[in-house]
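Engineer: Have a look at this one before I ask anything.
The values are calculated or read from the model by the stated rules, or taken from the named source; none is laboratory data. Predicted, not measured: the structure shown is a model, and the values here were computed from it. Cβ atoms come from the backbone with ideal geometry, glycine included; neighbour counts cover every protein chain shown.
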Amino acid sequence: MPDPAYWETFFDPHCILSRLGCDGSRRNVVEFGCGYGTFTISAAKIARGTVFAFDIEPEMVELTQARADAQGLSNVAVSVRDCCENGTELDDQSIDFVMLFNILHIEQSLELLREASRILSSSGVIGVIHWRSDISTPRGPSVEIRPSLETVRDLGDSVGLDSSDLIELDCCSWHWGLTLRRQSFRKARSP
Ligand SMILES: C[S@@+](CC[C@H](N)C(=O)[O-])C[C@H]1O[C@@H](n2cnc3c(N)ncnc32)[C@H](O)[C@@H]1O
């Protein structure tokens, strides 16, 4: 990732969270791969409960924790964790909003979606954003590995998640957005 100040010129975190449905009605929130905490910090100012943030890189965890401390946010719980190998260890259906932001290009993306689906509450929402492939963008992983909207929808379906239509992120023109929710009981059981 580029340095934090440059990275954060690409996003309006509050606007993106609001477009994807992370509002004051949400209690517990999770971010898989929090990076510099760009979205974790904003979510902690919105959510009524705890924002659990995980990253495989210790430096990212330290930075996110330092930012939370500097802003007096006591509802942020950051841990070093490989979420593909080890999940989150959070309870089933305990989370109201999950952030999968700029991370689903990794090889084990299905494992992240499976874990996100397990911890999602019945009314919970998973928000996904990723760099667009149809335009040239100033940063982001190589176009070959960027997930398309359709790929994420298919992966979600395979772990029992319904997906929204494309969410146009006018406040973040380099990215596309999508939300996923638990499939209804009847649909999840049908062949
Ligand atoms: C491109 S950054 C995005 C950071 C943040 N979500 C954002 O959008 O600002 C992806 C982050 O995911 C982390 N990551 C990659 N694989 C991971 C894994 N298996 N478990 C936890 N974190 C992971 C990386 O260390 C990196 O900080």
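Engineer: Just to be sure before I move on: is LEU63 part of a helix (DSSP H, G or I), modelled with pLDDT of 95 or more and surrounded by fewer than 19 Cβ atoms within 10 Å (Cβ to Cβ) in the structure I sent?
Structural biologist: yes
Engineer: Which condition number in (1) outside any strand (DSSP E or B); (2) hydrophobic (A, V, I, L, M, F, W, C); (3) more than 12 Å from the ligand (Cβ to nearest atom) is the one that TRP176 fails?
Structural biologist: Failed condition: (1).
Engineer: Yes or no: ILE106 near the ligand (Cβ under 9 Å from one of its atoms), touching a Gly at 6+ places or on another chain (Cβ under 9 Å) and either hydroxyl-bearing (Ser, Thr, Tyr) or modelled with pLDDT of 95 or more (or both)?
Structural biologist: yes
Engineer: Another question about this same structure. For region 19-57, what are the residues that are touching a Phe, Trp or Tyr at 6+ places or on another chain (Cβ under 8 Å), in a strand (DSSP E or B) and away from the ligand (no atom under 12 Å from the Cβ)?
Structural biologist: Listed by number, the list holds a single entry, VAL29.
Engineer: Additional query: Using the structure shown, decide if ILE126 is crowded, with 17+ Cβ neighbours inside 10 Å, more than 10 Å from the ligand (Cβ to nearest atom) and under 13 Å from the mean Cα position of the chain (by Cα).
Structural biologist: Yes: the conditions hold for ILE126.
Engineer: For a quick check of your reading: which strands (runs of 3 or more DSSP E) sit entirely within region 73-137 and have at least 1 residues that are in contact (Cβ under 8 Å) with a residue 40 or more places away in the chain and within 23 Å of ILE167 (Cα to Cα)?
Structural biologist: 95-101, 120-131
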